Amino acid sequence: MSSLARGKINEKSLPPPSPNPKPYLKYIGFIKGLLFTAAIAFIAGIVIKIPIFSVMGSMIISIILGMAWKATIDVPQGSTTGITFSSKILLRAGIILMGLRLDLQQIISAGFSIVLIDVIVISFTLGFMLYLGKLLSIDRHLSALIAVGTAVCGAAAIVAIAPLIGAKKETTAISVAFIAILGTVVTIVYTFIYPFLDLTSYKYGVLAGSTLHELAHVIAAAAPGGNASSDTAILVKLGRVTLLIPVAIIFGIFFKKSHPVNIKKRGLKELPIPWFIFGFLAMCILNTWGVFSESITKILITLSIYLLSMAMAGLGLSVNFKEFKKLNRNVLLTGSIGSLALIILGFFLTKI
């Protein structure tokens, strides 16, 4: 038998090539990343039960844990897709469900004054901090995220606005962490100075609700003023959360101004409109109509917090610590001065 024939026989006798393992590994990596962010969110839920950490909230703890893990151990191999899914898709799902915290009738019945305070606070803070950031030559994405986190609702506002303005994950995570730390410091200061403020419980609630970053910060800071203070603070804060919708649309349009969108060519997906925010509004309307029972609403709100905590863990695990070089003196000044200006404005508004 010729060598050529033997070669053909040997070729035929070879076992069939093994299937490409990459798709299989891809799904395993996705599940691994998803479970990893879920585990961090679960641990964060335990940590916030410790009194000293309760003021920070599970979302803040999640991003800090994620950043710490990334810095010391790094993410598990092949888990990037699952981590990205958490930081993007689950983030939007969590924001949509967060709408169940709002009751439009409650906000409307509170009167025009509270709505006016929220509009003034957000408009002033955004305008002042964006101008200050430009004056100090800060990256406009970082400046915008710090401004919106201060003006509207902390981490939730930052992560909602970030994809609309094309901000990097690192910039988003850094902004969230910075606003969280700054908000926590202000919250602690509020609880100490409350006895020395010449404000009624109602007015102190307005001050806390209109000036603090996170809902957790607002609740913690308003507690010394009693139930009247807490109820007012939450109502004012939720009014700011509602205004996230028009703020998101305005930011999307503003940041895409230099690159106009051709709707006919690119379709509706390219419009600078946060479509998931309308899901948030839909949940708010359903809650106002009382579609869900109280027990189901509580479960969905808890799920919202958990999904957002997973998203924050994903953001923390995506942080490149070299990006922290952007937090120079000018960035710290912008955040600190902006927050201080907001507090002064809030105090002034309670007097008039």
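The values are calculated or read from the model by the stated rules, or taken from the named source; none is laboratory data. None of the values given here were measured: they were computed from a predicted structure. Note that we place each Cβ from the backbone using ideal geometry, even for glycine, and neighbour counts take in every protein chain shown. When the accessible area is computed, the model is the full protein with side chains, heavy atoms only, and any ligands, DNA or RNA have been set aside. Shrake-Rupley method; radii C 1.70, N 1.55, O 1.52, S 1.80 Å.
A compact table of results
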read-out: Selection within the range 190-213 - among the aromatic types (Phe, Trp, Tyr) and within 16 Å of ASP231 (Cα to Cα); value: TYR202, TYR204
read-out: Members of the range 160-170 that are crowded, with 24+ Cβ neighbours inside 10 Å and at pLDDT below 85; value: ALA160
read-out: Tally of residues being of a type outside the set (Gly, Ala, Ser), within 30 Å of ASP231 (Cα to Cα) and open to solvent by 40 Å² or more (accessible area, probe 1.4 Å) across the range 48-102; value: 10
read-out: Residues of the range 172-193 satisfying the condition of being more than 16 Å from ALA155 (Cβ to Cβ) and surrounded by fewer than 22 Cβ atoms within 10 Å (Cβ to Cβ); value: ILE188, VAL189, THR191, PHE192, ILE193
read-out: Tabulated pairs, the range 136-152, first open to solvent by less than 10 Å² (accessible area, probe 1.4 Å), second in a loop (DSSP other than H, G, I, E, B) and not acidic (Asp, Glu), C-beta under 8 angstrom, 6+ apart or interchain; value: LEU142/ALA167; ALA144/ALA167; LEU145/ALA167; GLY149/HIS213; THR150/HIS213; VAL152/LEU243
read-out: Qualifying residue in the range 102-113 (condition: modelled with pLDDT of 85 or more and not polar (S, T, N, Q)); value: no
read-out: Inter-residue pairs, beta-carbon under 6 Å, first closer than 9 Å to LEU100 by Cα and open to solvent by 30 Å² or more (accessible area, probe 1.4 Å) and in the range 278-291, second in a helix (DSSP H, G or I) and charged (D, E, K, R), 6+ apart; value: none
read-out: Tally of residues being within 22 Å of ILE64 (Cβ to Cβ) and at pLDDT 85 or above across the range 317-333; value: 3
read-out: Where a residue in the range 61-73 is over 18 Å from GLY154 (Cβ atoms) and its partner, wherever it lies, is open to solvent by less than 60 Å² (accessible area, probe 1.4 Å) and modelled with pLDDT of 85 or more, with Cβ under 6 Å and at least six apart; value: LYS70/LEU317
read-out: Output for the range 194-222, where each listed residue is of a type in the set (Ser, Thr, Tyr), part of a helix (DSSP H, G or I) and open to solvent by 10 Å² or more (accessible area, probe 1.4 Å); value: TYR194, SER201, TYR202
read-out: Complete set of residues in the range 302-314 that are at pLDDT below 90 and open to solvent by 10 Å² or more (accessible area, probe 1.4 Å); value: ILE305
read-out: Residue match in the range 125-135 (condition: open to solvent by 60 Å² or more (accessible area, probe 1.4 Å), among the aromatic types (Phe, Trp, Tyr) and more than 20 Å from SER336 (Cβ to Cβ)); value: no
